[in-house]
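Asks: Here it is, the structure, as structure tokens.
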Amino acid sequence: WNRVPMEYVSYEIARMLGMDIIPPVAYRKNLTLSGHFFHEGSMQYFVQGATLLKEIEKSNWNLDADLFISNARVLDVLLQNPDRHAGNFIYGSHWVDGVSRPLLIDQAANLRKGTNMRLSTKGPFNEDIITEFDPQTIQKLKELNQKKLSQFIPFITPEEITQILDRRDGILKFIDNRSSGK
């Protein structure tokens, strides 16, 4: 079900898309922590004092709630995250500026075979189909390419890179159709 490197890959791809909504992650192999050996592990920044986002009113999120939800959904569709539920949205202090805002955790199920996430379905915080998209995200999606994603080999395969780019194209087509009224 889970692939440890997906935590790292998801963090980096989110950053490529201009989304600083996943706490920083490092990937390590062959590490010993507190006397325990691990063949691999992802080390993620711990957001001290975080709470579940569902406990916070949208008006107190300190950002545009609709764009955050849209960005989270775009990322989940792009990376095929079948494990995005309300428990994987937290609210806490951002590591850069200390301002509390929504964040995404638990990316390990991303790129799971057999997953079919779509923008046309509802997520945990959107009662309706997403109709608003961040212009920066759209631009960054257009800039995403094979060369940029290839840096994540061997964590993801060339076939998975092709699938990500195919989904990117589908996301952009969906957004274009929504904006043109189709």
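The values are calculated or read from the model by the stated rules, or taken from the named source; none is laboratory data. No experiment lies behind these values; they were computed from the predicted model shown. Cβ sites come from the backbone with ideal geometry, for glycine too, and all protein chains shown count toward neighbours. Just so you know, the surface numbers come from the protein's heavy atoms only, side chains and all, with ligands and any DNA or RNA stripped out. Shrake-Rupley method; radii C 1.70, N 1.55, O 1.52, S 1.80 Å.
Asks: Between Val96 and Arg178, what length comes free when the chain is fully extended (0.36 nm per residue of separation minus the Cα-Cα distance, one decimal in nm)?
Replies: Numbers: separation 82, 0.36 × 82 = 29.52 nm, distance 3.37 nm.
Value of the extension gain: 26.1 nm.
Asks: Moving on. So with the 1.4 Å probe, I'd like the accessible area per residue for the chain, rounded to whole Å².
Replies: On the way: 9650 Å² over 182 residues.
Per-residue value: 53 Å².
Asks: Hey, another quick one. Hey, if we sort Val9, Val99 by accessible area with the 1.4 Å probe, largest down, what's the order? Mind dumping the intermediate values first?
Replies: Working: Val9 0, Val99 55 Å².
Largest to smallest exposure gives the sequence Val99, Val9.
Asks: Determine which aspartates and glutamates satisfy two conditions relative to Lys142: a Cα distance under 15 Å, and not lying fewer than 8 residues away in the same chain.
Replies: Leaving aside aspartates and glutamates fewer than 8 places away in the same chain, those within reach of Lys142 are Asp134, Asp166, Asp169, Asp176.
Asks: Set the Förster radius R0 to 30 Å, insert the Cβ-Cβ distance between Ser59 and Lys148 as r into 1/(1 + (r/R0)^6), and round the FRET efficiency to 0.05. Spell out each step's value before the answer.
Replies: Numbers: r = 36 Å, r/R0 = 1.20.
After rounding to 0.05, the efficiency reads 0.25.
Asks: Compute, for Ser59, the solvent-accessible surface of its heavy atoms (probe 1.4 Å) with the complete set of protein chains present, and express it in square angstrom to the nearest 10.
Replies: About 110 Å², rounded to the nearest 10.
Asks: Of all the C-alpha pairs in segment 28-119, what % are more than 24 Å from each other? Display every interim value, and only then the final one.
Replies: Numbers: 1417 of 4186 pairs.
Everything past 24 Å amounts to 34 percent.
Asks: Would you kindly find the accessible area of Thr121, with a 1.4 Å probe and non-protein molecules such as ligands, DNA and RNA excluded, rounding to the nearest 10 Å²?
Replies: 60
Asks: Probe 1.4 Å, all protein chains in place: accessible area of Lys58 in Å², nearest 10?
Replies: 80
Asks: Show that you can apply the helix-only estimate: for the chain, add -39,500 (n - 2.57) for every DSSP H stretch of four or more residues, divide by all residues, and state [θ] at 222 nm to the nearest 500. Each step should come with its number before you reach the end.
Replies: On the way: 5 runs with 62 residues, N = 182.
The helix contribution divided over the chain gives -10500 deg cm²/dmol.
Asks: Can you give me the span-like helices of the chain, meaning DSSP H runs with 18 Å or more of Cα extent along the axis and Kyte-Doolittle mean at or above 1.0?
Replies: Working: long enough: 65-78 (20 Å, 1.06); 158-179 (32 Å, -0.77).
Flagged H segments are 65-78.
Asks: Now for a different question. Give the cross-link partners of Lys148 among the aspartates and glutamates, using a straight C-alpha distance below 14 Å as the criterion and excluding same-chain residues fewer than 8 apart.
Replies: Glu12, Glu160
Asks: Once R0 is set to 22 Å, what does the formula 1/(1 + (r/R0)^6) return for the Cβ-Cβ distance between Asp166 and Ser120, expressed as a FRET efficiency to the nearest 0.05?
Replies: Approximately 0.85, to the nearest 0.05.
Asks: Sticking with this one: Going by accessible area, probe 1.4 Å, with all protein chains left in place, what is the ranking of His94, His36, largest first?
Replies: His36, His94
Asks: Mind ranking Ser34, Ser179 by accessible surface for me, highest first, 1.4 Å probe?
Replies: Numbers: Ser34 115, Ser179 95 Å².
Of Ser34, Ser179, the descending order of accessible area is Ser34, Ser179.
Asks: Measuring from the lowest to the highest alpha carbon on each principal axis, how far does the chain reach, largest first, in angstroms?
Replies: Answer, in whole Å and largest first: 59, 40, 28 Å.
Asks: Given the C-alpha centroids of segment 42-81 and segment 82-131, what is the distance between them in whole angstrom?
Replies: Answer, in whole Å: 6.
Asks: Next question. Roughly to the nearest percent, how much of the accessible area of segment 1-152 is carbon and sulfur, given a 1.4 Å probe? Intermediate results must be reported in sequence, preceding the final value.
Replies: Details: 3800 of 7810 Å².
For segment 1-152, the apolar C and S fraction of the accessible surface comes to 49 percent.
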